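What follows draws every value from the coordinates through simple rules; no lab data is involved. Just so we're clear, the structure is a prediction, and the values are computed from it rather than from any experiment. Every residue, glycine as well, gets a Cβ built from its backbone with ideal geometry; the counts of neighbours run over all protein chains shown.
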Amino acid sequence: MADDNNNQNKNNQNPQSSPKKEPKKVIDVTKPKSEPQRSSIDASRVSAHTLREQQALEKLKKQVGSLDQHDNRMSKIKTIVAIILIIILIIIIIAFVIVIGRTNRTEEENYDIRVSMEIENKSLLSVITESGKEELRKINPGDKLAISAYVRNANDYTGDVNTGSINPPNVFVRFRLKLILDYEDRYDILIPTMTDNWYKYNFEDESELANGVTEDDHFYYYCGSVPYQRRIELFSELEFSGDAITCDDGGKYGQIQVVVESIEADTNNLVNGIWPTAPQRWILDMVSGKYNTNN
């Protein structure tokens, strides 16, 4: 008993001297030691992103292709424009050469058929208000304005220069009077007061002739020829026809235009149709000498 107590006391005094038993570990071989780490990338999102990139690349290819086509079209257009400009330049050069050739004629042939025109009392087309402001006159149907116009056979526009040794030839003269309303030419509104030296288209006269013209060209033709520096009257008054002006014409701004034309006073010019729209009755009377050519 004493021995057992001594042994027990020894064991109590030196507890570390006896080995400590560790708990047994149980290993489950059916499970892996550690689960693999899952990917945080969504496969569907990756495929959608890749599809957008492909679509963007296809769109870029189409844009590059369209740009190439646009550049090709622009290049073709520039080439065509350049060709057209070259053709126009050639035409201008040819026309310039023709003009130079005509001016190299002899002095007797080098006549520049021109007429100078004068219009008097144009101030009647405007009025001065009480405030001193100038305004266009309001025209009513039936109004008459004492506006007159004259034309002179001239070697230049001023009618004062003649460098040749022989006077320029007589000329045949015609003029046309129109009122422009909203960019429309109206020949029926203005009625000029004229002398008997002018001829106007007449349907009955033309219908009796085999070659009579069928339409009015709205020109007034002078019955005779005008010598160099001779001044003749076109009209002395203008009346605004009350029958031709309509309600639609009211309140519009109009522009009066007088067009004067002349050719050398050679009846062959009339027969050869330099003025193809001229009334045949007037041409026949001019060729037959009915009118005094030095009128």
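Quick notes on this one:
- Under 11 Å, Cβ to Cβ, from Asn202 - net charge with Lys/Arg +1 and Asp/Glu -1: -3
- With both labels modelled 7 Å from their Cα along Cα-to-Cβ, the Met74 to His218 distance reads 4.6 nm.
- Amide hydrogen neighbours beyond the local backbone of Ile147, cut-off 5 Å, H modeled: Leu238
- Likely footprinting exposure, Ser75, Ser148, fewest C-beta neighbours within 10 Å first: Ser75, Ser148
- Local net charge near Gly254, Cβ-Cβ under 15 Å (Lys/Arg +1, Asp/Glu -1): -3
- Ile180-Glu239 pseudo-label distance in nm [points 7 Å out on the Cα-to-Cβ vector]: 2.7
- Between Met117 and Thr193, full extension at 0.36 nm per residue minus the direct alpha carbon distance yields a gain of 25.6 nm.
- Of the chymotrypsin sites (Phe, Trp or Tyr not before Pro) found in segment 169-250, those that fall in a DSSP loop while having at most 15 other beta-carbon atoms within 10 Å are Tyr183, Tyr187.
- Overall form of segment 114-288 per C-alpha gyration tensor (a/c, 1.5; a/b vs b/c): oblate
- Each Lys and Arg contributes +1 and each Asp and Glu -1, all at the Cβ; summed about the Cα centre of segment 131-243, the dipole is approximately 660 debye.
- Residue-wise HN-Hα coupling along segment 266-281, computed from phi with Karplus coefficients 6.51, -1.76, 1.60 (Hz; x: Gly, Pro): 10, 4, 4, 4, 6, 5, 7, x, 5, 10, x, 8, 5, x, 5, 4
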